[in-house]
There are 4 protein chains.
Amino acid sequence: MSKHFKNPKEGNIDNSGFGTNSAEEGGRLTNKDGTTNLRKTGMPVWDRISIYHTLIRMQRGPFLLLVFLFYTSINVIFASIYFINGVEHLIGNDGSQQPWRQFMDAFFFSAQTLTTVGYGHVAPTGMAANTVAAVESLIGILIFALVTGLFYGRFARPRAYLIFSDNVLVAPYKNGRAVMFRVATYKNNHLTDVSAQVTIAMHIIDDGKQVTRFYPLPLEISNVNSLALSWTVVHHLNEKSPLYGFTKQEILDARFELIISMKAFDDHFSNTVLQRTSYTYRELLYGERFLPMFHKADNGDYTILELDKINDHEAALVQEPEINTFA
Amino acid sequence: MSKHFKNPKEGNIDNSGFGTNSAEEGGRLTNKDGTTNLRKTGMPVWDRISIYHTLIRMQRGPFLLLVFLFYTSINVIFASIYFINGVEHLIGNDGSQQPWRQFMDAFFFSAQTLTTVGYGHVAPTGMAANTVAAVESLIGILIFALVTGLFYGRFARPRAYLIFSDNVLVAPYKNGRAVMFRVATYKNNHLTDVSAQVTIAMHIIDDGKQVTRFYPLPLEISNVNSLALSWTVVHHLNEKSPLYGFTKQEILDARFELIISMKAFDDHFSNTVLQRTSYTYRELLYGERFLPMFHKADNGDYTILELDKINDHEAALVQEPEINTFA
Amino acid sequence: MSKHFKNPKEGNIDNSGFGTNSAEEGGRLTNKDGTTNLRKTGMPVWDRISIYHTLIRMQRGPFLLLVFLFYTSINVIFASIYFINGVEHLIGNDGSQQPWRQFMDAFFFSAQTLTTVGYGHVAPTGMAANTVAAVESLIGILIFALVTGLFYGRFARPRAYLIFSDNVLVAPYKNGRAVMFRVATYKNNHLTDVSAQVTIAMHIIDDGKQVTRFYPLPLEISNVNSLALSWTVVHHLNEKSPLYGFTKQEILDARFELIISMKAFDDHFSNTVLQRTSYTYRELLYGERFLPMFHKADNGDYTILELDKINDHEAALVQEPEINTFA
Amino acid sequence: MSKHFKNPKEGNIDNSGFGTNSAEEGGRLTNKDGTTNLRKTGMPVWDRISIYHTLIRMQRGPFLLLVFLFYTSINVIFASIYFINGVEHLIGNDGSQQPWRQFMDAFFFSAQTLTTVGYGHVAPTGMAANTVAAVESLIGILIFALVTGLFYGRFARPRAYLIFSDNVLVAPYKNGRAVMFRVATYKNNHLTDVSAQVTIAMHIIDDGKQVTRFYPLPLEISNVNSLALSWTVVHHLNEKSPLYGFTKQEILDARFELIISMKAFDDHFSNTVLQRTSYTYRELLYGERFLPMFHKADNGDYTILELDKINDHEAALVQEPEINTFA
C-alpha cells in the first residue's frame, strides 16, 4: 500500500503519543470509547493507580457498592474496638449478654457516630469509649468529605455528551472525494468553541519492517462557534491528504485507524469538555453520503434534530482518481 | 436580495453549528437569552436529558420545590419501611395505636435520620430498624452531597451578567456606515479579556431554494482588556462586510439574524464566562446612533455608568452607498 | 502636551473598556488595588449586586459577622415559630413559665436543629413542631451549603499574591530610556506562564476638547515562563512608544495613567490568577533605576529574594532625546 | 566555554523568571521536584505564607497530624469554657467531683458539638452553656468546611503524574546530535494537548563576571495530541541550538541546567495540569540512546508500556562536529 504514498515519511508526525512500533492491524490504538488500548507494567500496582481517576471513571453500580462496603468495613473496625473495650461503656445498649448482639449494638453505635447522626439512645461513657467516639466522628467527617466530594464530582464531571456516526464515509465532495463522519450533542447541553482534531494511523511497510505512521488530517472546517445541530466533519481527499490518489480498493485495504478528538466549552459546566473516539478501516463505507438529520418544525418556529438519523446515509457515486501517478 | 451580494458562497462559513436548511424567516435560530431554538428527538427522553444541566439551569422556585418534594418522597419511602417493620422498634415513639400517627412518627424519625439531626428521643432498636437507619443516614449523606453541591453550584455558577442594547443600530461611521450594538456588565462584577464574536445568518435564495448562509462579521475591535464601562461593538459596512453595498431598504428587507457570543474572564469566579444573544432584522434601527451612557461624577473622582441609558440613541444621517455596482 | 505626539489618534486603541470621556486628571480610572473607579446607576440596587461577588470580595471580619448575624436571625425566626406553637411541644424543655426563657429554649433548640447537632434533650413532639423541625433541618443543610461553600471558596480563591514597586521609574536602557516597574510574588506560591499587559491612558486636548486616549505599551518581554524571582517589566521609550521624544519635563507634566494587568497560572490553585494595579504620573520617578533585590545565599546553595528591597532604586543619568523633531 | 558560543547575548532571553546573578554552579535553580531553589525574606513570615498553598502542598502524614492537633486544640479551648462555666450546666455528665474528669466530660461534649454528632446524653442547660454550644456548632461547621475542603482538595488536586528519565542523553540524531530525555505518565491517567518547554541556563563568563544566561531550546516536537505511551523530547544540536558546535568535552564541561516544564489537559480532572523538573550537566550522558520502553502484547491486542525501562539506554556513537568554526 505504501507504494502509492508519495513519501511515507513526508508529513508523518509522531506527535500522536503513540510510537511507530506501538500496534499492528487488529490491535486498535484507541478504543471506541476514547480510552487508549494500553497497559502499563514495571511499577507496583499501587503506584500505577490514581485512586481519584479510578473512582471518578468507575461505573455507577460498582462505585455505590464500593461506598457501601467501605462504610460497612469502617463500622466493623470501630465496632470491634468498642466491643473489645466492652459494650458496658456504651450506655443505653440493650443489655444483652450474647456477643453477637453486643457486637451489633457496637456496630450501630459506630454507624451513628460515623455519620454524625448521634441519636444518643446509645452513647459512650468513660475515657476509652468517649475517645474512640471523638476520633471516629472526626474520621467520619474526613471520610465523607472524600465520599461526597467524589459522589458530586462524578455527577457534575464535565462531559461532552457527543454521539458519533457509527461509520466513517467516503462521499463525493467538491468534484472529488472526502472522508466524513458526523457528530452531535445528544443531551440538553450546548457546546461552544468546538474543535475537531483527526489523526490517521497507518500501518506501513518501511524497509521491510511494518511500522505505524501518524498524519494529521486537514479538515475543511476544524472549529465551529457553537454545536447546535449536527456537524459533519470533512477531510477532503485532495493533494494535502495522506490518502490522496488511493483507489477505492486501496482505501478499503489500507489498515488505518482514525483517532478523533473533540474539544469544546460548556458554559453550564463552565469548563472545557473533551471526547475522543476512533474509527478503523473496518468502519469505513465507500460511496455513501449522509442524509440530513434535522428539519424545520411544522409550525416553522424551531428546528428538530433527529438523533436516530445520525447514521442515515445513501449510496452516492464517488469519482475515482483518474490518474494514479504513483502507481 | 442575494443579487446584491457579490457571491453568495464567498466568505460563507458553515461553522455556526447550524445548517443551511435549519431555519427560515420567523424561526429564530438563537433565542434572545442565548439558547438555541431547537428540539431533539430520536432518543428516549431519559437519554436526552442531562440531569446536571437541567438542575443547574432550572429557575430558583421550581428547583427549591423539587428539593422539597424529593426530601419528602425519600422520607415517605423510609417511613413506610419503618412502619412496615413496626413502630414498636422505634423506641420513644408516642405509643399511639392510630396508624397515621405511627406513620408520622416514622416519617419524622426518617427526616431526623436523613438530615443526621438525630435527636434520639425516637431511636431505632432491633436489627432491622437499626440497619435501615444506618443505611438511611448513609443515603442521606450521599443525597445531600448532590443537593448541596447543586445548590452552591447554582449560586456560584460563573455568569457574565451582561446587558445588551435592545436594538442593533446602523449608524454613521468613518465616512460610511456601521452596524452597532452596545453591551455592559450590570452587576458589581469585572470582566477582563472580553471578546465578541458576531455571526450573521442570512436567508438567501440560491438555485431557487431558500437556504441559510452564515458569515462571520469582522469587528472594528473584537477584544477589550477590561470591560469597565460600556462597549459599543462595531461592524463596519465596508467591502469586507457581507452587507456591503446594501441600500437602506435592502438592509431592512434582509431577513438576517445576528448571533452574538461574548466570552470573558472573571477573576472572582476564577473562570471563563460566556453569554450569548441574538438580534433579528426586526430589531434593527436604521440611521440612529448611541448616546453616551457614562459621565464623570460631579466631584471628578470617579465615573458613573448609567445602565438605564444603554438603549439611548438619536437620529443620525447615514450616507447611503453612492454606487451600487452589483445592482 | 499633545503637540509632541506625532498623531494623537495613531495607535490609539479604545479597547481598554474605558471611553474617551471617562475620566479626567485627578479621577483615577483604575485604583491601586486593581478595581475600577466606577459606579453604576440606573437599575435597582438589588439587580446591580451580585451576592456571590459581594460575599467573595468582602473583608474577613465583616463576612464572619454577617454569617453570625444570619445564623442568629434564622434561629430567631424559627424560635418564634416554635414559641408561637407552644414550647410544650418541645419535650425536655426546662418547664419555665417565663416567656423569655421559653423563647430561649426554642432558640437553642432551633440552633441544634439548624446545625444538625440535635442533642435531643429537647426534642419536638406533635405534628406541628416535628414538621417545622424537619423543614428547619433541611433549610439548615441548604443554608450551610452556601455558607461553607463561600467560606471555603474565599479561603481557596485563586489569587496571584503579587507585590508591585510603589513607583514606576524612567531609567537608562539600551542607549535610551525606558519606563520600568517591578513585580514579585511575596508568598510561597509559584506562578508559571506569567504575562503582563500595560495600557497607558493619556488625557489629551483634541479639537479643544479634553479626551482620554488609550495606547498599549509594547514591552521588552511580556511573558515569562516562571516568576521565580522579581521581574522588572520594561517599556522602551523608542519610536514605537506613545511617549517617544517626550522631554523629562513633558513626561512629568503628562497626566497619564498606566493600567497594569498580570495574568498567570498557579498549579496549586490549578487555575489562572489575575492581578491588576495602576500607576499615575504622580508615582513616576525620573532618572532612577532599580537595585537588585536578590542575591546568592552565603553557602551558594540557593537564592535569597529580599521582598523589602522591591522599591530600592538609585539615581541614574538618563539621556534626554537629542532632537525633538515634533516640537 | 563561552568562546564557542557565537554571541553569548544572542538568543539569550531573560524570561525564565530567574536573573543573571541568581545562581552559580552548584546552586541549582530548579529542584528535581520542580520547586524553585529560593528563599524569600524582608516580610514577616505570616505575610509570606499562603496557608492554602502550605496545606495543599504538605505531605499527607503531617497534614493529618495537623488536623488532629487542630481538632484537639479547639476542643480543649471549648472544654475550658464549659469547665469554667461549671459542668453542672452539662446535664447528663457523670457527676464526678474530680476536676480532670469534669474537664474530660466537657472535652467530649465539646467534640460531640463540634462534629455535630450531638448524642445528647450530655447536653447543655442554661443560657451560658447553651449559647457556647450554639456558637461552637456554628464554628464547627465553618472549620470543617475548611478541613474537608482541603482534604478533598488535596485528594482531587490536578496533577500530571509524569515520570522523567533520570538522565538527559546526547544521542545521534539526523546525521548529527540531539539532547534527549524521556517522559511518560505512570498512572491510569490520560493527558491530552501535552506541551513541553525547555530552557537552558548557562553560567557564562561575560566581561570577566560570571553571569547566568537563559536560552529556550527549540524542540523537534513540542506538543503531542495525547500522551499515551512514552515521549522522547528531542532538542537537535543544530545551528539554532545554543550548544551548536560544542565538542563532547565542552558539553560535559558546560555547567548548564535544563529547566523542563510540561503542561497538559486531563479530562478527568477537567483541568490543566503542570509538572516541572530540571537536569544539570551532572545528569547528562554523552553518546547514549534510549531503548524502546513499550511493545505489542503477545496476543497483539494491546500495547504494553514498561515503566521500569524509562531509563534504559545503550551506547551509541555520536558524530562530533567536524569543524569548530568558533574555536
Criterion: facing chain B (nearest Cβ under 8 Å), within 44 Å of the chain's Cα centre (by Cα) and under 26 Å from residue B:141 (Cα atoms) - qualifying residue of C:72, C:113: C:113
Has segment B:276-285 got at least one residue that is away from chain C (no Cβ under 14 Å), closer than 25 Å to residue C:45 by Cβ and under 22 Å from the mean Cα position of the chain (by Cα)? yes
Just for segment C:219-244: of the residues that are open to solvent by 40 Å² or more (accessible area, probe 1.4 Å) and of a type outside the set (Gly, Ala, Ser), which one is farthest from the chain's Cα centre (by Cα)? C:239
Confirm whether residue C:85 is more than 26 Å from the chain's Cα centre (by Cα) and either of a type in the set (Gly, Ala, Ser) or more than 14 Å from residue C:133 (Cα to Cα) (or both). no
Test residue C:267 against the stated conditions and say whether it is modelled with pLDDT under 90, on the phi < 0 side of the Ramachandran plot and either within 14 Å of chain D (Cβ to nearest Cβ) or surrounded by 19 or more Cβ atoms within 10 Å (Cβ to Cβ) (or both). yes
Flagged in segment D:191-216 as open to solvent by less than 30 Å² (accessible area, probe 1.4 Å) and touching a His at 6+ places or on another chain (Cβ under 9 Å), in numbering order, are D:198, D:200, D:211, D:212, D:213
So residue B:224 fits all but one of (1) within 14 Å of chain C (Cβ to nearest Cβ); (2) at pLDDT 90 or above; what number is the exception? (2)
Determine which single condition residue D:247 fails, assuming it passes every other condition in (1) among the polar types (S, T, N, Q); (2) within 12 Å of chain A (Cβ to nearest Cβ); (3) open to solvent by 20 Å² or more (accessible area, probe 1.4 Å). (2)
Which pairs have Cβ atoms under 7 Å, sit 6 or more apart or on different chains, and link a residue in segment B:107-120 that is open to solvent by 10 Å² or more (accessible area, probe 1.4 Å) to one that is at pLDDT 95 or above and of a type in the set (Asp, Glu)? none
Take the residues of segment A:88-106 that are more than 7 Å from every other protein chain (Cβ to nearest Cβ) and within 48 Å of the chain's Cα centre (by Cα): which is most open to solvent (accessible area, probe 1.4 Å)? A:100
Considering only segment C:288-308, how many residues are open to solvent by less than 20 Å² (accessible area, probe 1.4 Å) and within 19 Å of residue C:183 (Cα to Cα)? 4
Right, residue C:152: free of Cβ contacts under 8 Å to residues at least 24 places away in the same chain and closer than 28 Å to residue C:263 by Cα or not? yes
Residue pairs, Cβ under 8 Å, 6 or more apart or interchain, first in segment D:157-179 and open to solvent by 20 Å² or more (accessible area, probe 1.4 Å), second among the basic types (Lys, Arg). List them. D:161/D:187; D:164/D:182; D:172/D:289
Tell me which residues, restricted to segment B:180-216, are out of contact with any strand residue (DSSP E or B) (no Cβ under 9 Å at 6 or more places or on another chain) and not in a strand (DSSP E or B). B:207, B:208
Answer residue from segment B:48-60, given it is open to solvent by less than 70 Å² (accessible area, probe 1.4 Å) and within 7 Å of another protein chain (Cβ to nearest Cβ) and is nearest to residue A:184 (Cα to Cα) among those: B:48
Which residue is modelled with the lowest pLDDT, if the candidates are limited to segment D:300-327 and must be in a strand (DSSP E or B) and within 30 Å of residue A:272 (Cβ to Cβ)? D:303
Residue pairs meeting the criteria (Cβ under 8 Å; at least 6 apart or on separate chains; first more than 7 Å from chain A (Cβ to nearest Cβ), in segment B:127-142; second surrounded by 23 or more Cβ atoms within 10 Å (Cβ to Cβ) and among the polar types (S, T, N, Q)): B:133/A:112; B:133/B:113; B:136/B:110; B:136/B:113; B:140/A:115; B:140/B:113; B:140/B:115; B:140/B:116
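The values are calculated or read from the model by the stated rules, or taken from the named source; none is laboratory data. The model shown is predicted, which means the values in this text are computed figures rather than measured ones. Every residue, glycine as well, gets a Cβ built from its backbone with ideal geometry; the counts of neighbours run over all protein chains shown. For accessibility, only protein heavy atoms count, side chains too; no ligands or nucleic acids. Shrake-Rupley method; radii C 1.70, N 1.55, O 1.52, S 1.80 Å.
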